[in-house]
Amino acid sequence: MLFTSLDYLLFLPVVVTLFWVLPLKFRLPMLLAASWFFYMCWNPAFILLIVGMTAANYMLGNILHNAQSHRKLIFGIGITANLLCLGVFKYATLFVTSAASVVGLVTHQTPDWHVNIILPLAISFFTFEFIHYLFEVYRGNKPVDNFVLFSLFAAFFPTQIAGPIKRYPDFVAQMLSHREKHPTLKMFDEGLPLILIGLAKKVLFADNLAVLVQMGLQEPSSYGAPELWLFAYAFAFQIYFDFSGYTDIARGSAMLFGYKIPINFNMPYIASNMSDFWHRWHISLSTWLRDYLFIPLGGSRGGRWMTNRNLFLTMALGGLWHGASWSFVVWGVYHGLALIIHREFTFIRDKVEWLKSFAQTKVFHVMSLLLTFHVVCVGWVFFRVENIGTAFSIVKRMVFFKPIYAAAEQGQFFVLKENMPVVVPVVMAMVALLLIQNWPVSYLNTKQYFKKLPAPVKAVFCTALLFAIITFTPDDSKPFIYFQF
Amino acid sequence: MTNGTTPGKLKRLATTIAGSTTILMIGMFIAAEAIIKEVKPLRLFNHTGLTTINQNFLVAKLPPCMSAHENPQVLLLGSSLVLVPSVRCDDDFYKRKTRYDRWYYRNVIDEYTKADFFQNELARQSGKQRNVLDLAVAASIMSDQYLILKKYLDSGKSPEMIVLGIAPRDFLDNLRQDPEKTPTYSILADLTCIKDLFEQKRSKESITNFALGYFSDVYKNRGDYKTFLTGYTARVTGHPVDLYNATKEMEKTAAATASVPTADLIAEPKNDSGVLDNSKPIYEARKNNLFDLKEYRRIYLPVNNQVFKTQMSYLDKFLALAQSHEIPVVLVEMPVTKENLALLPEDIKARFEKKVAMLATKYDAKIVKPLDKHSFTTEDFEDSVHLNGKGGTRVFSYVAEEIGKDRELAARSMKNKTAVGSLPIRWPFQ
């Protein structure tokens, strides 16, 4: 059930109404039943997986908490079991085909090995939530003593499919606090605009940009550097609007139940360096990677080179988390290297006096902002293009810029213009706008300008948005990109 | 005491409403919907030539005809293959100057509901005066004809006879494969009576769309708004509005480079701001170079057997529906140029002929084939499929003649009692 589907338009109000109408003791069970129903809409059989993993982790958490000895062993078993589940369902195909390729390289005859396993929806997200749970219980935090509440933690439908990755202490505290609460208009006043903004990001921007990106990928070899950069920009904004749109709908939907999900994006394309980018992009994942991978690996405690190693490994594994494809690993490695380069640059910068003072200037800030954005865009090529060879050839053509590329003589820009009538000028305008928005949007965001607007002004904005969504929603909206992870 | 607390309560209520984005938004949405329903804002932009009021100018004539009180005796149905020659014939009949520019197509031909020449011929050949209503719709396909007839009959009207012009393109249009995505469907499906929802097996999406369209006028006509806004953006940015137009523009550019005449049959004189200009009428038809053959290749090929089968099933339904209302049907196989026909694989032509003959026999419909009597050359056409005034005159005269001399048909059509007035199609609970 897509957030952008008419099914969800019916499902959400029904569940919200039931939640607030039912007596307190039935609210959480009803929400859990609705969340499991939501999951079963994709494939009913896989409800067994999520319920099974929930029950196992619930028991492990309690055993771990009560254990006087062998805590490390129990913790290890729990983490291994979760990773095994993820590995079997998500990475078995990749491992088997890769092994076949390696055997093929040695024996000069590639064996026809393949496995046919369906990737369960949202497994990457709820597995990470379970791992976080076991980590926290192992570190001494109190486990959840209510199975319904724990099941809801993993299955809560607004965040079920593509996060944000939740933290259980916060979730449990908020979910229990509604016992004293009745629905308030404030919940709806905050939740509904967020849902509308999320829908607008998805159907007005992401879905339209997807057409342009798809066109670029059909025959990338026939395009020159300017077009390829345009496609990369388009994908950068497509994935941003798609994923942040999803998150906004998730946050807005959760608010209708009185639960506030922390933000997952904070204007990532105005980041001034790669480290800053990861503080703004998919925040729930980057903080998870920091807390449960980077720090356990040693974090920054082992000196400069060990820190770089940990950074590299964290990002490479973070890349692999995104999908069972080597191109995601390359994307992760690329970001790991970019973070290391940035880190090394800061050491040099701090030692060279003129560089240190130049780094304080606005010119440097704008330059670093543009550089970061373009480095991220190059990374998106590896993320989007499944074939690594093709991705490298696209990047090569983008980086070694040839303004008069052979195909350009045949008027590629003309083809683009003809085929993408409205999108191209819109994309160009958007790229320009988003790049120059740094100061005003940062300012408005810091001041929480939208929140401070009078209700009638917000209502006019939301009504206009609603009409725009109604008018421009395509008949066949595409699934959210992060659903595949 | 009540007097003391009521203003206080009202004040609190007003404060709550004024302070709530949700309540205000719902209120504004309902108010905006009511205003839009009343004002129909797209009409204000009619002068731009971009508006597609009531979904699409191609089908704008249908709703008024459905709810009109007139009840003509003969219903003329078909695609532009019927519509264009009926206008040309009437222009000749009344000695009007016919035109060959886009403005005329859009404002006269597409909205034309008469067939006076044919009506006159019918009266002359059969000795009986019958009014003819021309509900032929440009770019329509067979499923559209079924829907038009169904809605027309549902509206309470009952013609004495139906004349349906058909050609292979009505069953094989690759550009319009989905019966639920045509302009005719868009406009007429919204006129659904609730019994339609139960009578036909409809998808969940279709039912939801219907329900949302019922509550929101903007949702119902979102196609209109989208078309207008994208059309306007395309005009401002100088880009074609969609892939279809983009391809046509590229073909035009290529043709201009190669110094060959433009592929467009219909000229589009525009003023400086790009709006179709009625002050530059074109009265002279271009030489018929059959430039639309390229488009027809896209329409026909590759032949989609599933589409053919589906559309044939609608001819079956069409004839069954007419039979259930005891209305005789005359199927006119509209002539097209031999060059156009040559695009079709032989087996498809044979299947088309065979299936039409079989269905006509099954439902006792009369088939009229003007090609049996006349031979048509490119001189009788405006392009590869649309008859001009000369060709149209020969076809309509022949059809009237065939109807006139068929006594059984005349007797059957007399049986059908004419209903008086009409029932506007409305949601039954309204």
Item checked: Which numbered condition B:Leu76 misses (of (1) modelled with pLDDT under 90; (2) surrounded by 20 or more Cβ atoms within 10 Å (Cβ to Cβ)) -> (1)
Item checked: From A:Leu199, A:Leu192, residue being under 18 Å from the mean Cα position of the chain (by Cα), of a type in the set (A, V, I, L, M) and assigned by TED's automatic domain parsing to the domain that holds A:Trp278 -> A:Leu199
Check: What are the residue pairs meeting all of these: first residue in segment B:5-18, first residue free of Cβ contacts under 8 Å to residues at least 60 places away in the same chain, second residue part of a helix (DSSP H, G or I) and β-branched (Val, Ile, Thr), Cβ atoms under 7 Å, and 6 or more apart or on different chains?
Finding: B:Ile17/B:Ile23
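Results for (1) surrounded by fewer than 23 Cβ atoms within 10 Å (Cβ to Cβ); (2) farther than 30 Å from A:Met175 by Cα, shown as yes or no for each residue.
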{"residue": "A:Ala200", "(1), (2)": "yes, no"}
{"residue": "A:Val211", "(1), (2)": "yes, yes"}
{"residue": "A:Gln214", "(1), (2)": "yes, yes"}
{"residue": "A:Tyr246", "(1), (2)": "no, no"}
{"residue": "A:Ile249", "(1), (2)": "no, no"}
{"residue": "A:Asn266", "(1), (2)": "yes, no"}
Next item on the list: State all residues of segment A:120-151 that are surrounded by fewer than 21 Cβ atoms within 10 Å (Cβ to Cβ) and under 15 Å from A:Leu84 (Cβ atoms); if no residue qualifies, say none.
Entry: A:Ile123, A:Ile131
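For (1) over 24 Å from the mean Cα position of the chain (by Cα); (2) part of a loop (DSSP other than H, G, I, E, B); (3) farther than 27 Å from A:Gly252 by Cα, each residue gets a yes or a no:
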{"residue": "A:Val14", "(1), (2), (3)": "yes, no, no"}
{"residue": "A:Thr17", "(1), (2), (3)": "yes, no, no"}
{"residue": "A:Met30", "(1), (2), (3)": "yes, no, no"}
{"residue": "A:Tyr39", "(1), (2), (3)": "no, no, no"}
{"residue": "A:Leu49", "(1), (2), (3)": "no, no, yes"}
{"residue": "A:Gly52", "(1), (2), (3)": "yes, no, yes"}
{"residue": "A:Gly76", "(1), (2), (3)": "yes, no, yes"}
{"residue": "A:Gly87", "(1), (2), (3)": "no, no, yes"}
Checklist line | Residues (under 25 Å from B:Met161 (Cβ atoms), among the charged types (D, E, K, R) and surrounded by 18 or more Cβ atoms within 10 Å (Cβ to Cβ)) located in segment B:92-143 | finding: B:Asp110, B:Glu121, B:Asp134
Notebook entry, point to check: What are the residues in segment B:346-367 that are surrounded by 16 or more Cβ atoms within 10 Å (Cβ to Cβ), part of a helix (DSSP H, G or I) and of a type outside the set (Phe, Trp, Tyr), if any?
Noted result: B:Ile348, B:Arg351, B:Lys355, B:Val356, B:Leu359, B:Ala360
Check: Is it the case that segment B:165-188 has a residue that's under 13 Å from the mean Cα position of the chain (by Cα), part of a loop (DSSP other than H, G, I, E, B) and at negative phi?
Finding: yes
Item checked: Failed criterion for B:Gln55 (all others in (1) surrounded by fewer than 22 Cβ atoms within 10 Å (Cβ to Cβ); (2) within 14 Å of chain A (Cβ to nearest Cβ); (3) touching a helix residue (DSSP H, G or I) at 6+ places or on another chain (Cβ under 6 Å); (4) modelled with pLDDT under 85 hold) -> (1)
Checklist line | Count of residues meeting criterion [within 26 Å of A:Val399 (Cβ to Cβ), assigned to a helix (DSSP H, G or I) and in contact (Cβ under 8 Å) with a residue 24 or more places away in the chain] in segment A:219-252 | finding: 21
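The values are calculated or read from the model by the stated rules, or taken from the named source; none is laboratory data. Given the structure is predicted, the values throughout are model-derived calculations rather than measurements. Because the Cβ atoms are built from the backbone with ideal geometry, glycine has one as well, and the counts that use them run over all protein chains shown.
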